């Protein structure tokens, strides 16, 4: 088999236990995200649409600098720009110039965007519960938080400030 030849290098290959944990995480994450996308599609939104609406709805004055939103959403600036353009056409958000930075822009939640998040949020919560929360014990939820919070913090700390994919 080809992997035998590859395994002769100095790479510390994953053990069966490590491989099982990694694949379990990856496949579960993909399944959960696919279910969330399907659920949001029933309301005419993508998961990214919903994420943008959430970020803006929770931000002061319901607006965020595009660069900050890009980092929060883990989207490249160009991808976020296309996303915001599409959401502008749907009336959910608008762009606003940044008075202290001529090149900077804010993404701002519109009244229609606010009404959309208010209407869809209860369905999103039901979906999160049915797909994720209700399938785990309170102890398992605590364990996930304990495991993933430091991992996320560590990975984000290694990312250059201008990188948005980390």
(message) Cβ-Cβ under 9 Å, sequence separation 6+ or interchain: first residue in the stretch 2-15 and at negative phi and assigned to a loop (DSSP other than H, G, I, E, B), partner at pLDDT below 60 and loosely packed, with under 10 Cβ neighbours inside 10 Å. Which pairs?
(response) 13/3
(request) Would you kindly identify the helices (runs of 4 or more DSSP H) lying entirely within the stretch 52-166 that contain at least 3 residues that are modelled with pLDDT of 95 or more, within 27 Å of residue 26 (Cβ to Cβ) and over 16 Å from the mean Cα position of the chain (by Cα)? (result) 111-131, 138-158
(request) State yes or no: is residue 88 free of Cβ contacts under 8 Å to residues at least 12 places away in the same chain, within 15 Å of residue 110 (Cα to Cα) and in contact with a strand residue (DSSP E or B) (Cβ under 7 Å, 6 or more places away or on another chain)? (result) yes
(message) Conditions first: (1) at positive phi; (2) not in a helix (DSSP H, G or I). Residue 45 passes all but one, so which condition is the exception?
(response) (1)
(message) Give me the residue from the stretch 1-34 that is modelled with pLDDT of 95 or more and surrounded by fewer than 10 Cβ atoms within 10 Å (Cβ to Cβ) and, out of that set, nearest to residue 117 (Cα to Cα).
(response) 17
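Looking for whichever is without any contact (Cβ under 8 Å) to a residue 40 or more places away in the chain, over 24 Å from residue 157 (Cβ atoms) and surrounded by fewer than 18 Cβ atoms within 10 Å (Cβ to Cβ) here; the options are 68, 37, 58. Which one fits?
Details: 68 fails: over 24 Å from residue 157 (Cβ atoms); 58 fails: over 24 Å from residue 157 (Cβ atoms).
Going through 68, 37, 58 in turn, the sole match is 37.
The values are calculated or read from the model by the stated rules, or taken from the named source; none is laboratory data. All values derive from a computational prediction rather than experimental measurement. Positions of Cβ are generated from backbone atoms using ideal geometry, with glycine treated the same way; all protein chains shown enter the neighbour counts.
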